[in-house]
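Enquirer: My structure is below; once you've seen it, I'll send some questions.
The values are calculated or read from the model by the stated rules, or taken from the named source; none is laboratory data. Bear in mind that the values here come from a model prediction, so they are computed numbers and not experimental data. Neighbour counts are summed over all protein chains in view; Cβ atoms, including those assigned to glycine, are modelled from backbone coordinates with ideal geometry. Side chains are part of the model used for accessible areas, which takes the heavy atoms of the whole protein and leaves out ligands, DNA and RNA. Shrake-Rupley method; radii C 1.70, N 1.55, O 1.52, S 1.80 Å.
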Amino acid sequence: MQFADEGAQQAFGVRLGACLQAGDIVALSGPLGAGKTVLARGMLRGAGHAGEVPSPTFTLVQPYEGPGMRLPVWHSDLYRLGDAEEILPLALDDVLEDGALIVEWPERGGTLLPGPALKLTLDGTGDAVRILTAQVPESWERRWARL
Ligand SMILES: Nc1ncnc2c1ncn2[C@@H]1O[C@H](COP(=O)(O)OP(=O)(O)OP(=O)(O)O)[C@@H](O)[C@H]1O
Ligand SMILES: [Mg+2]
């Protein structure tokens, strides 16, 4: 799949966010500036969030649980994780019982990231067209086919 511009990419995120379910983990990979946060922003909007979505690079995880949300969604960015074990105090699996988790730079969490995830990888930076590839777990197969 490819996105001609940022708007198209965010719109795809909105569709993804509209079908998020409790227990989902969406892992967003790709180089700096590929558009992972753009996709996450769309997903949060699709899940009902109306406000801003700052990049959680420094906070590491940002919960969205406000009244408009269809379900709680946590947005995490592990880029600044020094060591995979630093993921443990973030308690990222706490949201999964009734909500969903979106993770940028999932590789930084190594095997300590909860799973299985819908693994999305974006390629392309700057003015380039973005290419998205997906590894779709069983829990997503039907939803992915309908996107
Ligand atoms: N499909 C696209 N087409 C053109 N520009 C895009 C597209 N997606 C994102 N961008 C632009 O690329 C820049 C980086 O986007 P974004 O912050 O979402 O990247 P990121 O992958 O989250 O980066 P980081 O690894 O730093 O978190 C932004 O200026 C954004 O406007
Ligand atoms: Mg980002």
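Enquirer: Hey, could you check the stretch 126-147 for residues that are assigned to a helix (DSSP H, G or I) and open to solvent by 60 Å² or more (accessible area, probe 1.4 Å) and say which is nearest to residue 15 (Cα to Cα)?
Expert: Per the criteria, the residue is 146.
Enquirer: Being at pLDDT below 95 and more than 19 Å from residue 145 (Cα to Cα): is that true of residue 59 here?
Expert: yes
Enquirer: Does residue 120 meet the test of being more than 12 Å from ligand 1 (Cβ to nearest atom) and out of contact with any Ser or Thr (no Cβ under 6 Å at 6 or more places or on another chain)?
Expert: no
Enquirer: Of everything in the stretch 32-49, what is small (Gly, Ala, Ser) and within 8 Å of residue 14 (Cα to Cα)? Give them in sequence order.
Expert: Scanning the stretch 32-49 gives 42, 46, 47.
Enquirer: Next up: Of all residues in the stretch 92-127, how many are touching a strand residue (DSSP E or B) at 6+ places or on another chain (Cβ under 9 Å), among the aliphatic types (A, V, I, L, M) and more than 16 Å from ligand 2 (Cβ to nearest atom)?
Expert: 7
Enquirer: To continue, here is another question. In the set 123, 94, 127, which member is at pLDDT 95 or above, within 22 Å of residue 3 (Cβ to Cβ) and of a type in the set (Asp, Glu)?
Expert: 123 is the lone residue from the list that is at pLDDT 95 or above, within 22 Å of residue 3 (Cβ to Cβ) and of a type in the set (Asp, Glu).
Enquirer: Further, regarding this structure: Taking residue 68, is it farther than 23 Å from residue 134 by Cβ, more than 13 Å from ligand 2 (Cβ to nearest atom) and out of contact with any helix residue (DSSP H, G or I) (no Cβ under 9 Å at 6 or more places or on another chain)?
Expert: Yes.
Enquirer: Identify, from the list 63, 54, 106, 116, the residue that is out of contact with any Leu (no Cβ under 8 Å at 6 or more places or on another chain) and either closer than 19 Å to residue 9 by Cβ or open to solvent by less than 50 Å² (accessible area, probe 1.4 Å) (or both).
Expert: Criteria check complete, one pass: 54.
Enquirer: List pairs: first residue in the stretch 13-33 and free of Cβ contacts under 8 Å to residues at least 60 places away in the same chain, second residue open to solvent by 30 Å² or more (accessible area, probe 1.4 Å) and away from ligand 2 (no atom under 13 Å from the Cβ) anywhere in the structure, Cβ distance under 7 angstrom, at least six positions apart or on different chains.
Expert: 14/45; 17/45
Enquirer: Have a look at 8, 4 and point out the one that is at pLDDT below 95 and more than 16 Å from ligand 2 (Cβ to nearest atom).
Expert: Answer to the check: 4.
Enquirer: Now for a separate question. I need the full set of residues from the stretch 36-47 which are more than 11 Å from ligand 2 (Cβ to nearest atom) and open to solvent by less than 30 Å² (accessible area, probe 1.4 Å), in order please.
Expert: 42, 43, 44, 46, 47
Enquirer: If you scan the stretch 16-35, which residues turn out to be open to solvent by 10 Å² or more (accessible area, probe 1.4 Å) and within 16 Å of ligand 2 (Cβ to nearest atom)?
Expert: Correct list: 29, 30, 31, 32, 33, 35.
Enquirer: Looking only at the stretch 72-79, decide whether some residue is under 17 Å from residue 121 (Cα atoms), in contact with a Ser or Thr (Cβ under 9 Å, 6 or more places away or on another chain), within 13 Å of ligand 2 (Cβ to nearest atom) and open to solvent by 30 Å² or more (accessible area, probe 1.4 Å).
Expert: Yes, the stretch 72-79 contains a residue that is under 17 Å from residue 121 (Cα atoms), in contact with a Ser or Thr (Cβ under 9 Å, 6 or more places away or on another chain), within 13 Å of ligand 2 (Cβ to nearest atom) and open to solvent by 30 Å² or more (accessible area, probe 1.4 Å).
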